[in-house]
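A.B. asks: Sending over a structure as structure tokens; questions will come in a sec.
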Amino acid sequence: MNRRKIRPYIIALAALWLIAITAGCASGTDSAKGATPTEAGESGAGTKLEKIRYAPLSGVSGLAVSFGAEKGFFEEEGLDVEFITTKDPIAGLTSKDIDVVDVATTTAIVAAGKGAPVKIVSSMFRTKGPFYLIASPEIKTVEDLKGKKVGIAVFGSGLEVYTRVILKEHGLKPEDVTFIANSTHQAAYASLETGQVDATIIHEPFASLAEKQGKGNIIATGWDYLPTFHTGVLAARDGILNEKPELVEKLLRAYFKSQEYAKSHPDEYKAYYLNHIEIDPEVLDLALEREEVLWENNPDVDINALNDTQQIQKELGFQDEIYKVEDILDLRFIPKK
């Protein structure tokens, strides 16, 4: 795990944008300005801050949290947050190295359902899959993918779920294409650019980048096919929920304050974004506009959506059984509007 004070997740886009944002784990320790005002863990007013270890989303998906930290929203809640990057958020919780994580809903459900000492405490700022199936310019429809190579990020992932469902809805069977594990973000984009795949499931801003550069086009939008497939939650380890539950409540308030501020102050947030990530401003505008509908900022957890998600997982063979989600939820700390 790579522990960082404020930008743990801006590490992997160097190959494409010459700026770092990663989905993986870098080595060493690095601190950046803005996470806490003093090394002693005190606020500017001298109030003692309470320590909590939090692993947010990596990449651009976690940028609003970094923005909120620089704005001082976590400090306002009395928190000294140690931001952590990890490849395995559930392992981080169970080892007690992390207190709260952003994590894929399916990962949290299966881990908690099998007995891991963790609970889902809130939805993330979005719950629908922000995924796009993009294809090389000559491919215009999903049906055109028959006999082609399709990137699915990582086998067994939510990205593969979306890809399989999209293909099925267009009459294609898994054996009609060749699935390629081509990773995510810039690696997936590069695999399309170099012809390793004919199409790939991918996140923004790469869908908009493909359009702008003429490298590809969007042939399917994930949430149109799986509108109730829940994709993101915040989960906490049982220990902190039992010993210091007030810290989880404060973290959630700061998290959603960060998201709300970023969404409601688009010019300020875009300036922050462009200051941290080298990207064509027109691509950024297109990406943010396209995903505004997903930026729900609703912490509530829809139990029906969790059950729908499990059913889809089971039908695809990605989950062995359906777990009782009421047993793996602790929603006491959801911020009240």
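A.B. asks: Sorted by average packing, counted as other Cβ atoms within 10 angstrom per residue and highest first, what order do 121-127, 81-87 take? Spell out each step's value before the answer.
C.D. replies: Working: 121-127: 24.6, 81-87: 22.0.
Highest-to-lowest ranking by the protection proxy: 121-127, 81-87.
A.B. asks: Here's a follow-up. Determine the sum of side-chain charges near residue 314: Lys and Arg each +1, Asp and Glu each -1, restricted to other residues whose C-beta is under 13 angstrom from that of residue 314. Could you put the intermediate results ahead of the total?
C.D. replies: Numbers: positive: none; negative: 308, 315, 320, 321.
That sum, taken over residues with Cβ under 13 Å, equals -4.
A.B. asks: Nearest 0.05, what FRET efficiency do residue 316 and residue 141 give at R0 = 25 Å with Cβ-Cβ as r?
C.D. replies: The pair residue 316/residue 141 has a calculated efficiency of 0.65.
A.B. asks: If we count every other residue with Cβ under 9 angstrom of residue 257's Cβ, Lys/Arg +1 and Asp/Glu -1, where does the sum land?
C.D. replies: Local net charge: -1.
A.B. asks: Residue-wise, which Karplus ³J(HN,Hα) couplings in Hz belong to the stretch 101-116, taking 6.51 cos²θ - 1.76 cosθ + 1.60, θ = phi - 60°, and x for glycine or proline?
C.D. replies: 9, 8, 8, 4, 4, 5, 4, 5, 4, 5, 4, 5, x, 8, x, 5
A.B. asks: Please turn the phi angles of the stretch 274-286 into ³J(HN,Hα) values with the Karplus equation 6.51 cos²θ - 1.76 cosθ + 1.60 (θ = phi - 60°), one per residue in order, whole Hz, x for glycine and proline.
C.D. replies: Here the 3J(HN,Hα) series is 5, 6, 10, 9, 7, 8, 4, x, 5, 5, 4, 4, 5 Hz.
A.B. asks: Could I ask something else about it? Kindly list the residues of the stretch 105-138 that lie in the label zone of residue 327, defined by a backbone N under 17 Å from the point 7 Å along the Cα-to-C-beta vector.
C.D. replies: Only 108-120 pass the distance filter.
A.B. asks: Rank by packing, highest mean first: peptides 171-179, 298-306, 65-73, with packing defined as the count of other Cβ atoms within 10 Å averaged across residues.
C.D. replies: 65-73, 298-306, 171-179
A.B. asks: Quick one: net charge around residue 332, please, counting Lys, Arg +1 and Asp, Glu -1 for every other residue with C-beta under 12 Å from its C-beta. Write out the running numbers ahead of the final one.
C.D. replies: On the way: positive: 119, 336; negative: 246, 249, 330.
For residues surrounding residue 332, the net value is -1.
A.B. asks: Also, quick follow-up: Calculate, in nm to one decimal, what residue 169 and residue 289 gain on full extension: separation in residues at 0.36 nm each, minus their alpha carbon distance. Before the final figure, lay out the partial values.
C.D. replies: Details: separation 120, 0.36 × 120 = 43.20 nm, distance 2.63 nm.
Residue separation times 0.36 nm, minus the Cα-Cα distance, leaves 40.6 nm.
A.B. asks: Build a GNM of the chain with springs between Cα atoms under 10 Å: which of 63, 234, 284 gets the top mean-square fluctuation?
C.D. replies: Taking springs between Cα atoms under 10 Å, the residue moving most is 284.
A.B. asks: Using the heavy atoms of the protein chains and a 1.4 angstrom probe, tell me the accessible area per residue for the stretch 175-217 in square angstrom.
C.D. replies: 36
A.B. asks: Which entries of 257/314; 244/270; 87/212; 128/336 show an alpha-carbon separation above 29 angstrom in the structure shown?
C.D. replies: 257/314; 244/270; 87/212
A.B. asks: In whole Å, what is the distance between the alpha-carbon centres of the stretch 253-317 and the stretch 92-107?
C.D. replies: Comparing the Cα centres of the stretch 253-317 and the stretch 92-107, I get a distance of 20 Å.
A.B. asks: How large, in percent, is the carbon and sulfur part of the accessible surface of the stretch 205-303 at a probe radius of 1.4 Å?
C.D. replies: Roughly 45 percent, rounded to a whole number.
A.B. asks: A follow-up question, please. Mind checking which aspartates and glutamates have their C-alpha under 19 Å from residue 149, skipping anything on the same chain fewer than 8 residues away?
C.D. replies: 138, 160, 169, 175, 176, 193, 198
A.B. asks: With the crude spin-label approximation of a point 7 Å out along Cα→Cβ, what separation in nm comes out for residue 215 versus residue 76?
C.D. replies: Between residue 215 and residue 76, the label points sit 3.8 nm apart.
A.B. asks: If r is the Cβ-Cβ distance from residue 298 to residue 278 and R0 is 30 Å, what FRET efficiency results, to the nearest 0.05?
C.D. replies: For residue 298 and residue 278, the calculated efficiency is 0.40.
The values are calculated or read from the model by the stated rules, or taken from the named source; none is laboratory data. The structure presented is a predicted model; accordingly, all values stated were derived computationally and were not measured. FYI the Cβ positions are ideal-geometry reconstructions off the backbone, even for glycines, and counts take in every protein chain you see. Note: areas computed on protein heavy atoms with side chains; ligands, DNA, RNA excluded. Shrake-Rupley method; radii C 1.70, N 1.55, O 1.52, S 1.80 Å.
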